[in-house]
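What follows is a short report on a single structure.
The values are calculated or read from the model by the stated rules, or taken from the named source; none is laboratory data. Please read these numbers as outputs of a predicted model, since none were measured by experiment. FYI the Cβ positions are ideal-geometry reconstructions off the backbone, even for glycines, and counts take in every protein chain you see. Only protein heavy atoms, including side chains, enter the accessible area calculation; ligands, DNA and RNA are left aside. Shrake-Rupley method; radii C 1.70, N 1.55, O 1.52, S 1.80 Å.
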Amino acid sequence: MTGLETAIILVAFVITAAAFAFVVLNMGFLTAEKAQSVISAGMTEASSSLLMDSGLIGQFGNVTGSQQDVYLQKLTFYIKLSQGHEPVDLSDDKLVATYTNSRCHGEIYATNGTIMTISGVNSDGDRLIETGEKFKVTVDFTALSSDSVDPTGADVYARPYEEFRIELRPSTGAVLAIERQIPAVYTTVMVID
């Protein structure tokens with residue numbers, strides 16, 4: 001082999017090594033970028049959190065009868081953003097709210113103002129809950145049709161000594177789960193702790 005042939009082979013090896021190094025570095029940068037976007041999405045998810053700002057206020061029907069006849073008509077509570085967290089969009093296309101009792105499960109927030117109403121108490125007028133803002137949530141169970149729950153035709157009302165659960169699931173952030181057992185009811189309006 002002559003020096004020229006050796007030089008040509010050496011140049012070919014260098015070009016091949018450079019191309020291979022480019023592919024490896026490019027894949028490394030792509031992987032690092034993907035990891036960074038996953039971490040960023042995880043931080044956004046973890047840093048958006050709703051909190052209840054008061055107790056649950058229940059409005060009951062048929063309180064003069066026996067406890068078997070009493071039923072939860074309306075539920076009111078207040079929510080706020082956790083301290084130091086990212087704003088949460090409360091629009092009806094960004095928030096899913098569900099209701100579950102021992103007999104049925106259903107969605108209660110398809111459109112604001114039907115079954116569940118969310119209204120700003122000290123908000124700036126938008127549907128975004130930000131630091132320092134408070135929103136009032138009212139769930140009217142009389143507007144919840146037994147045909148819109150699963151299984152269809154089930155009794156939608158929660159009654160004394162029964163548990164119920166309401167979940168607010170924003171598009172980003174943690175789920176706010178409210179689970180309570182209704183105590184004995186003797187007044188039309190009472191706090192459910």
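Key figures
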item: Label-point separation, V24 to L10 (7 Å along Cα→Cβ), nm; result: 2.2
item: Note, ³J(HN,Hα) from phi for the stretch 7-19, Karplus 6.51, -1.76, 1.60, rounded to Hz, x at Gly and Pro; result: 5, 5, 5, 5, 4, 4, 4, 5, 5, 5, 5, 5, 5
item: Stretchable slack from S102 to T131, in nm (0.36 nm times residue separation minus alpha-carbon distance); result: 6.9 nm
item: Relative pair counts by distance (%), Cα atoms of the stretch 1-115, 5 Å bins; result: 2, 8, 8, 11, 11, 8, 7, 6, 5, 5, 4, 4, 4, 4, 3, 3, 2, 2, 1, 1, 1, 0
item: Largest to smallest accessible area among E33, E167, E179 [probe 1.4 Å]; result: E33, E179, E167
item: Label-point separation in nm, D150 to S82, each point 7 Å along Cα→Cβ; result: 2.8
item: Hydrodynamic radius of the stretch 86-130 per Kirkwood, over alpha carbon pairs, in Å; result: 11.7
item: At R0 = 22 Å, FRET efficiency that the Cβ-Cβ distance of L51 and A143 yields, to 0.05; result: 0.25
item: Pairs of lysine residues in the chain - Cα separation under 19 Å, sequence separation of 8 or more or cross-chain; result: 6
item: Rounded percent of accessible protein surface that carbon and sulfur make up, the stretch 140-193, 1.4 Å probe; result: 48
item: GNM result for the chain, Cα springs below 10 Å: residue of T142, T31, T172 fluctuating most strongly; result: T31
item: Within the stretch 120-186, chymotrypsin sites (Phe, Trp or Tyr not before Pro) in DSSP loop having at most 14 other beta-carbon neighbours inside 10 Å; result: Y161, Y186
item: Computed Rg/Rh of the stretch 112-164, alpha carbon atoms with Kirkwood Rh; result: 1.12
item: Distant alpha-carbon pairs in the chain (separation over 22 angstrom), percent; result: 59
item: Extension gain (nm, one decimal) between Q67 and T31, 0.36 nm per residue minus Cα-Cα; result: 6.8 nm
item: Cβ-Cβ FRET estimate between I39 and N122, R0 fixed at 35 Å, reported to 0.05; result: 0.55
item: Residue (of P151, F164, T188) at the positive-pole extreme of the stretch 111-193, dipole from beta-carbon charges; result: T188
item: Value of relative contact order over the chain, rounded to a whole percent, pairs C-alpha under 8 Å and six or more apart; result: 25
item: Under 5 Å, built H, 5+ apart or other chain: amide partners of K134; result: V121, N122, S123
item: Under 10 Å, Cβ to Cβ, from V149 - net charge with Lys/Arg +1 and Asp/Glu -1; result: -3
